[in-house]
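The values are calculated or read from the model by the stated rules, or taken from the named source; none is laboratory data. Here the structure is a predicted model, which is why all the values come from computation and not from measurement. Every residue, glycine as well, gets a Cβ built from its backbone with ideal geometry; the counts of neighbours run over all protein chains shown.
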Amino acid sequence: MKAFIHAVTFCSVITLNTGPALSQEDRLQVVASFSIIGDLAAQVGGDLIDLKVLVGPNGDTHVYEPKPSDARALAQAEVVLTNGLQFEGFLDRLVEASGTTASVTVLSDGARIVQDPAGGHYHFVDGEAIFHAEPNDPHPWHSVANAKIYVENIAKAFCAADADDCAHYQANATAYQNELTALDLEVSEAISAIPEKDRVVVVAHNAFRYFEDAYGLRFLAPVGVSTESEASAADVAGLIREMRDQKASAVFAENISDSRLVEQIASEAGHPLGGVLYSDALSGPDGPAATYVEMMRTNVRTITTAIAAHH
């Protein structure tokens, strides 16, 4: 498990070239904590920002270990975009170490936050999985309505740092939010078309509570909100019983997690693996989930295809 995690967290800083209109030095210097936020920022900033993403495609932010280049990127930044809700456990220390004077914007501020019934989640600290008391689930972007709040907060942050180009950022944000409004309806209609008795599925870790709350698909998971929460044999056995009781329709791996546990669960429950869902990170640029919109559409398509195949 840990070997796989280290393999997917190799990325320290990714620079997205957003266009030739301005030199790199003339663009607003922006750092986003992970790939999903990076894409939202790119949609709002367009060719007026120079964007660096700390945790890149398929990277697991829960267990990310910062590199010296990350501190240098923060030191040069004018705007830092973060999820908040203690999702980026590494970021506070990194901001302090970098000495950055950039404004740090928490994009989940104002979003509709779902309570974590377990009362917290796990972080990977000094080689151990440590429970961190936090009442809120830190994955709000799986509700498109919340992603629209993120976009609004990004536009405000860019306007505060670069007032001369505020109209440009606001226009981009408005156009993108219109796209997200259509996406929200698309996702809702696709899930609503699934018979209610079939709307229970299994994922590797509990990252989809906001999707569940917004669209009515129930997710069961063998581990908690963080990928570093280990599932015991009793947890797995209990989950398989629950799957049978709830008549779960499909089991999915995640792009940031080792798939061996869910493959075991699927096998013991008599299910084929239904595919890969994108939870805490986008795919690479050549993958099926290179943007937030593509991620949501890919997840919905994977879910609906697997459920249909089960019946």
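Summary table below
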| item | result |
| --- | --- |
| Options Ser103, Ser108: the member that is of a type in the set (Ser, Thr, Tyr) and at pLDDT below 95 | Ser103 |
| Unmet criterion (only one of (1) over 15 Å from the mean Cα position of the chain (by Cα); (2) in a loop (DSSP other than H, G, I, E, B)) for Ala111 | (1) |
| Count of residues meeting criterion [of a type in the set (Asp, Glu) and part of a helix (DSSP H, G or I)] in the range 42-68 | 1 |
| Matching residues, the range 205-244, being in a helix (DSSP H, G or I) and either at pLDDT below 80 or polar (S, T, N, Q) (or both) | Ala233, Ala234, Asp235, Val236, Ala237, Gly238, Leu239 |
| Residue that is surrounded by the most Cβ atoms within 10 Å (Cβ to Cβ), among those in the range 117-171 that are acidic (Asp, Glu) and modelled with pLDDT under 95 | Asp137 |
